[in-house]
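The structure under discussion appears below in the form of structure tokens.
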Amino acid sequence: MLIVTGTIGIDTIHGPTGSAESVMGGSAAYFAAAASHLAPVRLVGVVGADWPEEHRKMLGSFPGIDLEGLEIRESGETFRWGGRYHENMNHRETLFTHLGVVEETPPAVPEAFADSDIVFLANSHPSVQVGMLDMLPERRLTVCDTMDLWINVANAELRELLGRVDGVVLNDSEAELLVEERNVVTAGKRILELGPTFAVVKKGEHGAVLVHRDGVAVIPAFPAEADVVIDPTGAGDSFAGGMMAYISKSGAHDFKTLQASLAWGTVMASFTIGAFGLDGIRSADEDAIASRLDQFREFGRIA
Ligand code: AMP
């Protein structure tokens, strides 16, 4: 069974097409929402007393997410993040990050979740991510995400984490910052030297590269036109959600399975970017996902 831990946040986003104030966000929220379309997912996270009721309803509207591991900590404040996109949606500026409950004691893994075997440590403080590992003794596959903030302020903890996971999903600029190598394949290989068996290096609208001890695979992004890219926030987490849900469903995690999982990640991310917050991913249903996957196969056909 798939489990995710990470942030559940209140986001404020500004982009070329408009802004969204205090919408539901967070790495674990996007991951779980995307994954839940393909496989059941358990969520472990913490929010504060200020967590809006409509966000609870929004998360509850995804039937595949088990919220037993969601703690509402009355003494604390919910993680808040603000970002701005400019014309080039591949780049964003972080306006603020208020960690709130994320820098306090991590949430506990409920007894009922202890047998989870496919683990995704969505973006959060690396020491919180490491802490989760000991609470999940049955894990068979552990994959983590990270970002520039943690590479800069918690590098030693992040390296410890990388020594204990099977895979890592991160974007090209983060990979470059981590191993000081711009070429994505070489950067991926350097990351494997830190411990993982595979690294997925995402390149925004240019797709992703899987660098694995057993080989290298590439996947293009879904070719979305400018007018349908409303808000890329959470695209990376949704990509990971689609990917990990496919792995969880298939029961295997060899190179070929990971390669196939990239298509599911790409398709789930393509829904997220279509609206602010979780609205894009919520609009996806089984038929829409299947038809987008067919379209994607056609786009990527190699003669
Ligand atoms: P992505 O666009 O996939 O990188 O994910 C964006 C989401 O990650 C937003 O909803 C934010 O609330 C959340 N986020 C932003 N900064 C951090 C951080 N430092 N740690 C954890 N989550 C974050």
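A few remarks follow.
- Rounded to the nearest 20 debye, the dipole size of the chain about its Cα centre is 780 debye, using +1 on the Cβ of Lys and Arg and -1 on the Cβ of Asp and Glu.
- Stretch gain in nm, segment Val218-Arg56, where the contour uses 0.36 nm per residue and the Cα spacing is subtracted: 54.7 nm
- On the beta carbon distance between Glu21 and Ala252, with R0 = 35 Å, the FRET formula returns roughly 0.25.
- Between the stretch 130-151 and the stretch 199-245, the alpha-carbon centres lie 20 Å apart.
- Using a cutoff of 8 angstrom between alpha carbon atoms and counting only pairs six or more residues apart, the relative contact order for the chain works out to 17 percent.
- At most 12 other Cβ within 10 Å, DSSP loop - trypsin sites (Lys or Arg not before Pro), the stretch 156-220: Arg182, Arg213
- Cα gyration tensor category, rounded, prolate or oblate, for the stretch 41-102 with a/c compared to 1.5: oblate
- For the chain, calculated [θ]222 nm from helices alone, where every DSSP H run of n ≥ 4 adds -39500 (n - 2.57): -10500 deg cm²/dmol
- Choice from Gly82, Gly215, Gly167 with maximal GNM fluctuation in the chain (Cα, 10 Å cutoff): Gly215
- Of the solvent-accessible surface of the chain, computed with a 1.4 Å probe and all protein chains present, 49% belongs to carbon and sulfur.
- Between Val153 and Ser283, the distance separating the two model label sites (each 7 Å from Cα on the Cα→Cβ line) works out to 3.4 nm.
- Given charges at beta-carbon only (K, R positive; D, E negative), |dipole| of the stretch 72-140 in Debye: 280
- Cβ-based charge dipole, the stretch 2-297, positive-most Cα from Val44, Ala290, Pro110: Ala290
- The separation of the stretch 59-114 from the stretch 275-303, counted between C-alpha centres, amounts to 25 Å.
- Here the simple spin-label model places points 7 Å from the Cα toward Cβ, and for Glu74 and Asp115 these points are separated by 3.4 nm.
- Rounded to two decimals, the Cα radius of gyration of the chain over 2.2 N^0.38 Å is 0.91.
- Take the chain and mark each of the GluC sites (Glu not before Pro) that is in a DSSP loop with at most 13 other Cβ atoms within 10 Å; the longest unmarked stretch, sites excluded, is 226-303.
- Computed over protein heavy atoms with a 1.4 Å probe, the accessible surface of the stretch 65-119 works out to 57 Å² per residue.
The values are calculated or read from the model by the stated rules, or taken from the named source; none is laboratory data. Bear in mind that the values here come from a model prediction, so they are computed numbers and not experimental data. Backbone-built Cβ (ideal geometry, glycine too); neighbour counts: all protein chains shown. For accessibility, only protein heavy atoms count, side chains too; no ligands or nucleic acids. Shrake-Rupley method; radii C 1.70, N 1.55, O 1.52, S 1.80 Å.
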